[in-house]
1. Suppose we keep just the alpha-carbon trace of the range A:62-200; what are its Rg and Dmax in angstrom?
2. Once amide H atoms are built 1.01 Å from N in the peptide plane, which residues 5 or more positions from residue B:42, or in another chain, come under 5 Å H to H?
3. What is the packing order of peptides A:174-180, B:141-147, taking the mean over residues of other C-beta atoms within 10 Å and listing the highest first?
4. Averaged over B:107-114, how many beta carbons belonging to a partner chain fall within 10 Å of each residue's beta carbon?
5. Measure of size requested: the Rg and Dmax of the range A:5-53, with Cα atoms as the atom set and Å as the unit; please supply both.
6. Between their Cα atoms, which of B:90/B:140; B:14/B:46; A:133/A:199; B:56/B:105; A:87/A:203; B:87/B:186 are more than 19 Å away from each other?
7. Using just the helices of chain A, give the 222 nm mean residue ellipticity in deg cm²/dmol: DSSP H runs with n ≥ 4 each add -39,500 (n - 2.57), and the total is spread over all residues, rounded to 500.
8. Residue B:145 to residue B:130: extension gain in nm, 0.36 nm per residue of separation minus the Cα-Cα distance?
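Derivation of every value follows stated rules applied to the coordinates shown; laboratory data play no part. Model, not experiment: these values are computed from the prediction. Glycine also receives a Cβ, built like all others from the backbone with ideal geometry; neighbour counts cover every protein chain displayed.
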Number of protein chains: 2
Amino acid sequence: MKKGSRQLQAEQTKQRIFETALKLFEKKGFDQVTVDEIVQKSNSSKGAFYNHFDSKYGIFLEKFTEIDTFYEEFIQTIPEEASLKEKILKLFQGQMQYLEHEMGKDLMRSVYTNGLIESENHYFTNTDRSVYKILNDFIKVAVERGELMPEVNNEQLSMMIARCMRGNLYDWIAFGKGFDLQEESKQFMDIFVEGILKKYTPKEK
Amino acid sequence: MKKGSRQLQAEQTKQRIFETALKLFEKKGFDQVTVDEIVQKSNSSKGAFYNHFDSKYGIFLEKFTEIDTFYEEFIQTIPEEASLKEKILKLFQGQMQYLEHEMGKDLMRSVYTNGLIESENHYFTNTDRSVYKILNDFIKVAVERGELMPEVNNEQLSMMIARCMRGNLYDWIAFGKGFDLQEESKQFMDIFVEGILKKYTPKEK
DNA sequence: TTATTATTTAGACTATAGTCTATGAAATAA
DNA sequence: TTATTTCATAGACTATAGTCTAAATAATAA
């Protein structure tokens, strides 16, 4: 054994809990699954569970970071020469499709509920996330190309765009059926990007 | 006694629970107050509590509807002849100040957490709310005045503006200190309204 | 090798939101 | 007035997330 058998066992336990939990979440929905059930079905214990994860949300947040992998791959499909607006709308569209179909509303609900809990470490708050980096880069390129004036506050703008994403996702979760995430977020973002352009397009010299 | 003493007593019990709860929320923060404590301090019981309120959130939602009174009064202070942009920005500003200072972050957290719970009846979802009516009216007037083209979908636009509010409030709650609600939401909304105007200002004839 | 320390796991226990049933009293019907 | 029904209330009970302690065993030091 490379790793001490202790660590190996711990890792296996964690993995077992993790996979069992995700399977159950998918089958019954996040709220319908109890920690006791996860623990029981994965042949582990409360002690093991809370040793490896902070909370029931925590277990899912671990999966949620997969989204960063998605982002990394997805931007490859966006042509470098596309306009800022095209890039942002494409990113939005890709993200919303991914979240709606790969993550699902129930899991997103838990992420957004968790985001509201008072604490220092939040996924949303973490500005190292891929989305922020990607948006930052979009804006930087747009400035270089003269699509946006150099005075724009890149960080702030990226944050606002991410906020648009959160706003649309929040409403999707809150409003239930009848809310078309793809359509709504497309139209919303179309307006927002137009606003950015109107405010920050360099003046004709 | 006008009312039967039965109803009167019930009303008094409800009021006692309500006031005790709000006082406790204010003093200790929503999450630090237990239903048992509310019940005990208000000399009532679990049965009485859940007879009058759906949940711990529910008790606060009742207070939260006061915000509609605020809206009604606040729009009186906005001059009729102001532009759409001015009106929306003023409304936003007034709302955010009210929520930040009168409601407070803790209570708003509970409202937003509650908004995510799966159910039919949500405060946000209820399109009868004053905000929606006010926004609808702003847009209607703007169309009449030729500020916006008549093709705009009033309901959809109002909903999107309300979504901007939610997005900013969500981030305010999620990001904790360092997030300046007033400033952030002003700048955000400035962009969004510019986007609306760019897309929906009637073309020069 | 033996002793010590650190860490994983088991599972009993706690805290708390919310449910359920019984009681008593008021409203209503006879 | 008496009987019946309805409804507010009390408080025991349930469900479940999360804590805490102890036991077991691996890693490390002597």
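1. Rg, Dmax (Cα atoms, Å): 14.9, 42.
2. Hits under the 5 Å cutoff: none.
3. On the way: A:174-180: 13.7, B:141-147: 15.3.
Final packing ranking: B:141-147, A:174-180.
4. Numbers: counts 0, 1, 3, 1, 1, 6, 6, 3.
The per-residue average across the peptide is 3.
5. In order Rg, Dmax, the Cα atoms of the range A:5-53 give 10.6, 35 Å.
6. Working: B:90/B:140 17 Å; B:14/B:46 12 Å; A:133/A:199 22 Å; B:56/B:105 17 Å; A:87/A:203 22 Å; B:87/B:186 12 Å.
Listed pairs above 19 Å: A:133/A:199; A:87/A:203.
7. Details: 10 runs with 141 residues, N = 205.
Computed ellipticity for chain A at 222 nm equals -22000 deg cm²/dmol.
8. Details: separation 15, 0.36 × 15 = 5.40 nm, distance 2.24 nm.
Full extension of this stretch gives 3.2 nm more.
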